[in-house]
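Participant: So that we are looking at the same thing, I have put the structure below in structure tokens.
The values are calculated or read from the model by the stated rules, or taken from the named source; none is laboratory data. Treat the numbers as computed from the prediction; the structure is a model and nothing was measured. Cβ: placed from backbone, ideal geometry, glycine included. Neighbour counts: every protein chain shown. Heavy atoms of the whole protein, side chains included, go into the accessibility calculation; ligands, DNA and RNA do not. Shrake-Rupley method; radii C 1.70, N 1.55, O 1.52, S 1.80 Å.
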Amino acid sequence: MGILAWIIIGLLAGAIAKALMPGKDPGGIIVTMLIGIAGGLLGGWLGKVVFGVDSVDGFFELSTWIAAIVGSLILLALYRLIAGNRHSHRHA
């Protein structure tokens, strides 16, 4: 798949991850979109390294989407943990 396809998958996976993990994010929509793109790449890499699955078969393959969404969920959770802690320390 080309980089444009990964960007589209990442954007959509980021939106799905945000819907699965509702709540207030420390960043805005741009940060969420960037997390989605990075999460898509992370999910594809983790699927290949950990499970030996080639999750980059194609744009319409279910494994590609699952990997991208899981990667986005991981990064969104980490971002909330790190940015949330940093944000709460400023107000303390």
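Participant: What residue, among those in the range 55-85 that are open to solvent by 70 Å² or more (accessible area, probe 1.4 Å) and more than 15 Å from GLY39 (Cβ to Cβ), is modelled with the highest pLDDT?
Facilitator: LEU62
Participant: Let me ask another. Show the residue pairs meeting these rules: Cβ distance below 9 Å; 6+ apart or different chains; first residue within the range 12-32 and closer than 16 Å to GLY43 by Cα and free of Cβ contacts under 8 Å to residues at least 60 places away in the same chain; second residue charged (D, E, K, R) and outside any helix (DSSP H, G or I).
Facilitator: Here the result reads LYS18/ASP25; THR32/ASP25, each pair linking the range 12-32 to a residue that is charged (D, E, K, R) and outside any helix (DSSP H, G or I).
Participant: In the range 9-50, how many residues are exposed (fewer than 15 other Cβ atoms within 10 Å of the Cβ) and aliphatic (A, V, I, L, M)?
Facilitator: 7
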